[in-house]
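Participant: One structure coming up, written as structure tokens, with questions to follow.
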Amino acid sequence: MNSEAIIECVPNFSEGTDTGKVSRIVAAMQVPGVSLLDWSLDTAHNRSVVTIAGPAEAVVESAVLGAGKAAELVDLTKQNGVHPRIGSADVVPFIPVSKASLADCALLARQAGLQIWRRYGVPVYFYGAAAARPDRVQLEDVRRGQFEGLRDAVHKDASRRPDIGGPELHETAGASAVGARSFLIAYNIHLRRPDVTAARAIARDIRASNGGLHGVKALGVLANGRAQVSMNITDYLTTPMPKVYARALELARRHGAELDDSELIGLIPQAVYEPEAEWIKRIPGFEPALKVIERRLEAPLDWITG
């Protein structure tokens, strides 16, 4: 790997209601050379997302430290939320930004997973480009049954056991899915009325697994009293964001619903940002300096103290 390579990592933690806990997790991730680009809490999904970037080895260390602090602070036996999860540090993806490949990031994911198990006793499943098995490429396959279901399944079905560690899950921290992927855009659209049936119908029709748009994963949920179509766009080059928005608009009309505002979780690449695009205009207070990764790298956040 090029010594000047820049790697992004976007750990998702299963805590979105306690700012103090999330602050301590973020503070634990401070490593020389690593930039803090974004962090946010989602109370409805009880989830937080942190975005960091920097040299490969430093980013791996930062992610591992965050997973360790999450294992200490987040008890899944006392946690629940809308979003599927199997671990306190639920998902730890590595993404190439510059002078690195997806294969490079897969190796980093393997290194991080090994350290998470060795240091903290949290078993790991590898997914995406780092998957050790074809049935674990898709994150939803790894997370099937969530923490509670997976905790039971590992005792009954050897095929559900972790890639590293275990075979049991950590008693309170579960397991972590560690992987490598290309840029993913986490994009949520709200409906004007709290009609979760319509949100689920739109999600069903737009997601790739049901014959919808390529590279789109979607769920219809009720979040903070609002119906929401929660989406991950995993291939924005093949399925551009304006196409996603246009299709959501079309499906909303078909199902007797009306789209309201939208939100982005985390950052987007510069190549995706179109100032006049309708999907951008529907995101209240969108600031490219804060939400576009290349711009954020130029002016990262100050590290916080937990």
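Participant: Kindly state, to the nearest 0.05, the FRET efficiency for GLU250 paired with ARG193, given R0 = 22 Å and r defined as their beta-carbon distance.
Facilitator: 0.80
Participant: Principal axis extents for the range 74-144, Cα atoms only, whole Å, descending order, please.
Facilitator: 41, 26, 23
Participant: Suppose only helical runs count, i.e. DSSP H with n ≥ 4. What mean residue ellipticity at 222 nm does that imply for the chain under -39500 (n - 2.57) per run, divided by all residues and rounded to the nearest 500 deg cm²/dmol?
Facilitator: -9500 deg cm²/dmol
Participant: Add +1 for every Lys or Arg and -1 for every Asp or Glu among the other residues with Cβ under 15 Å from the Cβ of MET29, and state the total. List each step's numbers first, then the result.
Facilitator: Numbers: positive: LYS21, ARG24, LYS69, ARG119; negative: GLU8, GLU15, ASP38, GLU57, GLU61, GLU72, ASP302.
Its environment carries a net charge of -3.
Participant: Net charge near ALA227: determine it from the other residues with C-beta under 11 Å of the C-beta of ALA227, scoring Lys and Arg +1 and Asp and Glu -1. Don't jump to the answer; show the numbers that get you there.
Facilitator: Numbers: positive: ARG192, ARG193, ARG200, ARG226; negative: ASP195, GLU258, ASP260.
Here the charged neighbours net out to +1.
Participant: Using per-residue counts of other Cβ atoms within 10 Å, averaged over each peptide, order 136-144, 171-179 from highest down. The partial results should precede the final answer.
Facilitator: On the way: 136-144: 18.1, 171-179: 26.8.
In descending order of packing, they fall as 171-179, 136-144.
Participant: Another one. Taking amide hydrogens as modeled 1.01 Å from N in the peptide plane, which residues meet the under 5 Å criterion relative to ALA227, leaving out close sequence neighbours?
Facilitator: LEU191, ASP195
Participant: Let me ask something else. Tell me, what HN-Hα J-couplings in whole Hz come from the Karplus equation 6.51 cos²θ - 1.76 cosθ + 1.60 at θ = phi - 60° for each residue of the range 209-223, using x for Gly and Pro?
Facilitator: 5, 10, x, x, 7, 4, x, 10, 10, 8, 9, x, 9, 9, 10
Participant: Quick check: Cα centre of the range 224-269 to Cα centre of the range 17-85, how many Å?
Facilitator: 25 Å
Participant: Amide H to amide H under 5 Å from ASP90: which residues, 5+ apart in sequence or cross-chain, H placed 1.01 Å off N in plane?
Facilitator: Here the answer is ASN12, PHE13, SER14, since their amide H atoms fall under 5 Å of that of ASP90.
Participant: Short version: ³J(HN,Hα) in whole Hz for each residue of the range 229-234, in order, from phi by Karplus 6.51 cos²θ - 1.76 cosθ + 1.60 (θ = phi - 60°), x for Gly and Pro, what are they?
Facilitator: So the Karplus estimates, Gly and Pro as x, are 9, 9, 10, 10, 9, 9 Hz.
Participant: Just need the relative contact order of the chain here, percent rounded to a whole number, with Cα pairs under 8 Å and 6+ apart. Spell out each step's value before the answer.
Facilitator: Numbers: 719 pairs, mean separation 56.0, N = 306.
About 18 percent, as a whole number.
Participant: If you count the DSSP beta bridges with both ends in the range 65-191, what percent of them are antiparallel, to the nearest 5? Walk me through the numbers on the way to the answer.
Facilitator: Numbers: 3 of 12 bridges.
DSSP beta bridges in the range 65-191 are roughly 25 percent antiparallel.
Participant: Highest mean first, what order results for 256-266, 195-205, 83-93 on Cβ atoms within 10 Å?
Facilitator: Details: 256-266: 17.7, 195-205: 20.3, 83-93: 26.5.
By packing density, highest mean first, the sequence is 83-93, 195-205, 256-266.
Participant: While we're on this one: Using 0.36 nm per residue of separation minus the Cα-Cα distance, give me the extension gain between ALA103 and LEU301 in nm, one decimal. Kindly include the intermediate steps, with their values, before the conclusion.
Facilitator: Values: separation 198, 0.36 × 198 = 71.28 nm, distance 2.85 nm.
Value of the extension gain: 68.4 nm.
Participant: Here's another thing I want to ask about it. Give me the lysines in straight-line cross-link reach of LYS217: C-alpha distance below 23 Å, same-chain residues under 8 apart excluded.
Facilitator: LYS243, LYS281, LYS291
Participant: Next question. Could you order peptides 213-221, 233-241 by the average number of other Cβ atoms within 10 Å of their residues, highest first?
Facilitator: Values: 213-221: 20.6, 233-241: 17.8.
Those peptides, ordered most packed to least, come out 213-221, 233-241.
Participant: Out of LYS21, LYS78, LYS243, any idea which swings most in a Gaussian network model of the chain, alpha carbons joined below 10 Å?
Facilitator: LYS78
Participant: Give the residues of the range 188-227 whose amide nitrogen is closer than 15 Å to a point set 7 Å from the Cα of THR43 in the direction of its Cβ.
Facilitator: The answer is 223-226.
Participant: How big is the range 185-298 along each principal axis, measuring the range of its Cα positions in Å and listing the largest first?
Facilitator: 42, 28, 21
Participant: Report Rg/Rh for the chain, rounded to two decimals, where Rg is the Cα radius of gyration and Rh the Kirkwood radius. Working shown, then result.
Facilitator: Numbers: Rg = 18.5 Å, Rh = 19.5 Å.
Radius of gyration over Kirkwood radius for the chain works out to 0.95.
Participant: Can you give the local net charge around HIS155? Use residues other than it whose beta-carbon is closer than 11 angstrom to its beta-carbon, Lys and Arg +1, Asp and Glu -1.
Facilitator: Details: positive: ARG151, LYS156, ARG160, ARG161; negative: ASP152, ASP157, GLU168.
After counting each charged neighbour, the total is +1.
Participant: Right, another one. If you take the square roots of the eigenvalues of the alpha-carbon gyration tensor of the range 6-180 and sort them as a ≥ b ≥ c, do you get rounded (a/c under 1.5), prolate (a/b over b/c) or oblate? Could the numbers behind the result be given before it?
Facilitator: Working: a/c = 1.71, a/b = 1.15, b/c = 1.49.
Judged from the Cα gyration tensor, the range 6-180 comes out oblate (a/c at least 1.5, b/c at or above a/b).
Participant: Another question, if that's okay. I need the phi-derived Karplus couplings for the range 235-241: 6.51 cos²θ - 1.76 cosθ + 1.60, θ = phi - 60°, integer Hz, Gly and Pro marked x.
Facilitator: Coupling constants for the range 235-241: 9, 6, 6, 7, 10, x, 4 Hz.
Quick note: the coordinates plus some simple rules give every number you see, no bench work behind them. Since the structure is predicted, the reported quantities are computational estimates derived from the model, not experimental observations. When we count neighbours, we look across all protein chains shown, and the Cβ atoms used for this are built from the backbone with ideal geometry, even at glycine.
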